[in-house]
Amino acid sequence: MTTPESTAGKAEAPSADVGTPFGLFDGFEAYRTPTEQDHRDLLTTGLVVPDTNVLLNLYRYNDRTRHDLLDVLRGLGKTLWVPRQVVVEFWRNREAVLADPRESAKTTEDLEQRREGALRVLRGWAGRVDLPHERCAELIDGLSRAFGTVIAAVGELDDAEAAAFVGNTSDDWVLSALEEILRGRVGAPLGEDEHAEALAEARRRGQARIPPGYMDAAKDPEAAAGDYLIWVQTLREARRRRVDVLLVTGDLKEDWWRREGGEPRGPRYELAEEMAAVAGVGLFMLRPDDLLRRARSILRVAVREESVENVERVGRSLAEAAEEDRYPGADVPAPPLPLTGGLDDQADLVD
């Protein structure tokens with residue numbers, strides 16, 4: 001496949017001809033730390049693509065944070081673009097998120113289970129040391145009441161506003177704001193044949209552990225293909241616009257991020273390689289809290305520090321919960337082998 005030239009200020013990719021000189025970062029662009037100018041270009045002239053979790057988490061933030069993030073999305077203007085699959089997943093999951101947006105009910109349930117486990121541990125220890133009955137009852141009562149106090153406090157933070165949003169979309173001011181911001185900025189769906197082809201490719205990549213999406217391979221076929229559908233639609237738009245891409249996601253799974261010391265540092269190099277080969281442009285990634293920080297300085301959007309902290313806390317909590325669900329008592333699997341082929345086939349999907 002002939003790699004398209006980038007019109008986003010990138011030099012033409014070096015050929016593989018014998019004698020062609022290469023530089024340190026040629027073919028390893030994903031390892032280069034983005035500069036302030038990179039982020040300025042991305043937020044003002046690039047293609048900024050929010051993942052589904054960026055939109056759904058608006059319901060999990062407090063009001064001030066919601067307003068700040070919506071102002072940032074609004075401030076992105078023509079650089080903001082949303083894959084059709086993101087909107088599909090937003091509507092598919094919105095009501096489930098609104099049922100317990102801050103996971104108060106789930107937290108209460110988890111705490112109840114942990115209370116029972118803690119009481120079993122305490123009773124077992126009391127039996128082993130032959131603790132007097134009166135002292136044992138005193139400790140058990142104190143532990144149970146401590147859990148009860150916390151559980152009651154969690155229950156007080158109900159989500160009445162979220163429940164109202166479910167009943168009537170016209171009352172949902174978050175939807176109204178998103179409708180205005182995203183008007184004309186959502187990509188077209190894949191055709192029927194293209195969609196079927198993409199599902200098949202998602203299955204192949206899941207089995208071969210090729211990013212993105214292989215971490216969801218155990219889900220039903222449509223859900224398992226979600227990340228790949230977002231990816232292929234983004235590739236298509238990037239190829240059409242010929243500008244660098246900034247993917248904003250709170251999804252910290254290893255099939256999106258290159259990690260060092262457990263911390264996400266940037267896109268998987270396979271993804272950066274694929275973006276360069278198929279669309280001829282660069283790929284960058286940010287977490288939502290980092291987007292707020294960058295937008296505050298580059299776009300001059302008023303973003304409160306407490307909003308950045310709120311987004312960071314919610315993201316960390318969801319990531320930890322996802323890790324517990326994904327690897328209950330198991331080691332995190334090793335990363336897959338590098339992507340070594342299939343780019344010509346991939347180009348067929350984005351043409």
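The values are calculated or read from the model by the stated rules, or taken from the named source; none is laboratory data. Note that this is a predicted model, so its numbers are computed, not measured. When we count neighbours, we look across all protein chains shown, and the Cβ atoms used for this are built from the backbone with ideal geometry, even at glycine. When the accessible area is computed, the model is the full protein with side chains, heavy atoms only, and any ligands, DNA or RNA have been set aside. Shrake-Rupley method; radii C 1.70, N 1.55, O 1.52, S 1.80 Å.
Some observations on this one:
- Residue match in the stretch 31-46 (condition: at pLDDT below 85 and open to solvent by 40 Å² or more (accessible area, probe 1.4 Å)): yes
- Any hit, the stretch 207-218, residues being open to solvent by 60 Å² or more (accessible area, probe 1.4 Å) and basic (Lys, Arg): yes
- Screening Gly226, Gly262, Gly282 for residues that are farther than 18 Å from Leu42 by Cα and either among the aromatic types (Phe, Trp, Tyr) or open to solvent by 10 Å² or more (accessible area, probe 1.4 Å) (or both) leaves exactly one candidate, Gly262.
- Condition met for Arg326 (among the basic types (Lys, Arg) and modelled with pLDDT under 95): yes
- Count of residues meeting criterion [assigned to a helix (DSSP H, G or I), aliphatic (A, V, I, L, M), in contact with a strand residue (DSSP E or B) (Cβ under 9 Å, 6 or more places away or on another chain) and within 17 Å of His39 (Cβ to Cβ)] in the stretch 276-317: 1
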